[in-house]
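What follows is one structure encoded as structure tokens, with my remarks underneath.
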Amino acid sequence: MRGFTPDQVELAIRAEEAIISRARARQMAWVRVADTMQLPSADGSRSMREWLSSRIDVSSETASRIAGTALLLEDRPDLSRSLADGEITFDRAEATARIPGADDEADLRGLDIHGLRRLAAKHRRMTRVDDHAAHRAQHLHLQPNLDESRWDVWGALDGYGGTVVSKVLNDEADDLRRIDNEFGGLGYRRALALLKICEETRPGSVESPLITVFVDGNGIEIEGGGPVGPEILDKVACAGSLEVIAENEGRPLAVGRRSRVIPKKLRRFVLHRDGGCTADGCTSTYRLQPHHIVPWSEGGPTDADNLTTLCWFHHHVVVHGRGYRIDARLGPGRIRFIHPGHDPP
């Protein structure tokens, strides 16, 4: 595939999309035939969407778009013809078909797909039936990757729910940005805001649950979850009760005592001694927690001299999130942070 100019590559990609458009037009014509023959109900399906999803092995969302657009294009012959000739894409045909009175597709070619969808949304009038359907269609999915080291979160909310969640997360994200002007993008701050809200409202949020950690030659794994690194282990050591089980080929070799890594009395002493976050210049008293100066996973002792108090931002985000290390050379009660990979000056 070498020796092509950028223009040739672009033209080839567009030509393939035109083939897809023509094929989609033919497919939707067959969908209308299937609807006329009432094949979904004959096969025990509740809807054309459900029938299509099972028969052509696509997601429910894709099946819904095909079935809905096939129905819309039935009364839009000019739009159907443009799609069948490969002049417009399926996405453009779908968006244009949802705009009332848009008989001439050429008049809308100055808009991109996003602009077409915005225009279509302005013409939509929600009924009570639509409101009820939107409510029933709400969903939230949590999908871990294979080793559960990362989770994808996605879903859909009705108009009211989406507005509430968006406002709350954006307000929390703005608060995080006010704490640190270089905090990162909105998506990153929203993710932290969601975690922060869940941590604050979950049952037993004051006392963290017992965490069992399995250690073998391959690494560290949390019970009920996937593999974790030393940073997560240090985070657990600061906040929760910990049980460590050493394994060899799936068999336990040694089981440590269940114990709170930082005893309650010591925790209370450290919080009282420091009187707030000890990060230099920080005056926050929000969700204060003791933290190991020398990490617990690196042999740092759990005693008063190796513990310092950090607020939620410096503890959760700066240290455990971004990987900054503590430079305690300013003396007790005053600490600064060292960027990951950098040595103290």
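Against the test of being surrounded by 12 or more Cβ atoms within 10 Å (Cβ to Cβ), over 30 Å from the mean Cα position of the chain (by Cα), under 21 Å from Thr89 (Cα atoms) and not small (Gly, Ala, Ser), the options Ile66, Ile20 yield a single qualifying residue, Ile20. Take the residues in the range 129-158 that are among the small types (Gly, Ala, Ser) and within 21 Å of Ala193 (Cβ to Cβ); name whichever of them is surrounded by the fewest Cβ atoms within 10 Å (Cβ to Cβ). The residue in question is Gly155. A residue that is modelled with pLDDT under 75, assigned to a helix (DSSP H, G or I) and either more than 27 Å from Ala25 (Cβ to Cβ) or not assigned by TED's automatic domain parsing to the domain that holds Ala191 (or both) cannot be found anywhere in the range 66-89.
Restricting the first member to the range 154-177 and to residues that are in the same structural domain as Leu195 (by TED's automatic domain parsing), and the second to residues that are of a type in the set (Phe, Trp, Tyr), the beta-carbon pairs closer than 8 Å and six or more apart or on different chains are Leu176/Phe183; Leu176/Phe313; Arg177/Phe183. For the range 272-315, the tally of residues that are within 26 Å of the chain's Cα centre (by Cα), of a type in the set (A, V, I, L, M, F, W, C) and assigned to a helix (DSSP H, G or I) stands at 2. Looking across Glu61, Glu87, Glu74, one residue alone is acidic (Asp, Glu) and within 27 Å of Trp154 (Cβ to Cβ). It is Glu61. Across the range 30-49, a minimum of one residue is classified as touching a residue at least 40 places away in the same chain (Cβ under 8 Å), part of a helix (DSSP H, G or I) and at negative phi.
Any residue at all in the range 316-333 that is assigned to a loop (DSSP other than H, G, I, E, B), modelled with pLDDT of 80 or more, more than 25 Å from Cys198 (Cα to Cα) and in contact with a Ser or Thr (Cβ under 9 Å, 6 or more places away or on another chain)? Within the range 316-333, not a single residue is assigned to a loop (DSSP other than H, G, I, E, B), modelled with pLDDT of 80 or more, more than 25 Å from Cys198 (Cα to Cα) and in contact with a Ser or Thr (Cβ under 9 Å, 6 or more places away or on another chain). Applying the selection to the range 27-40, what residues are surrounded by 12 or more Cβ atoms within 10 Å (Cβ to Cβ) and either touching a Cys at 6+ places or on another chain (Cβ under 6 Å) or not β-branched (Val, Ile, Thr) (or both)? Once the filter is applied, which keeps residues that are surrounded by 12 or more Cβ atoms within 10 Å (Cβ to Cβ) and either touching a Cys at 6+ places or on another chain (Cβ under 6 Å) or not β-branched (Val, Ile, Thr) (or both), the range 27-40 yields Gln27, Met28, Ala29, Arg32, Ala34, Asp35, Leu39, Pro40.
Filtered by the rule that a residue be surrounded by 15 or more Cβ atoms within 10 Å (Cβ to Cβ) and touching a residue at least 40 places away in the same chain (Cβ under 8 Å), the range 288-303 gives Gln289, Pro290, His291, His292, Ile293, Pro295, Trp296, Ser297, Thr302.
For the range 1-14, a residue qualifies if it is of a type outside the set (Asp, Glu) and either surrounded by fewer than 11 Cβ atoms within 10 Å (Cβ to Cβ) or in contact (Cβ under 8 Å) with a residue 60 or more places away in the chain (or both), and the qualifying residues are Met1, Arg2, Gly3, Thr5, Pro6, Gln8, Ile13.
The values are calculated or read from the model by the stated rules, or taken from the named source; none is laboratory data. Just so you know, these numbers come straight off a predicted model, no measurement behind them. We place every Cβ from the backbone using ideal geometry, glycine too, and count neighbours over all the protein chains shown.
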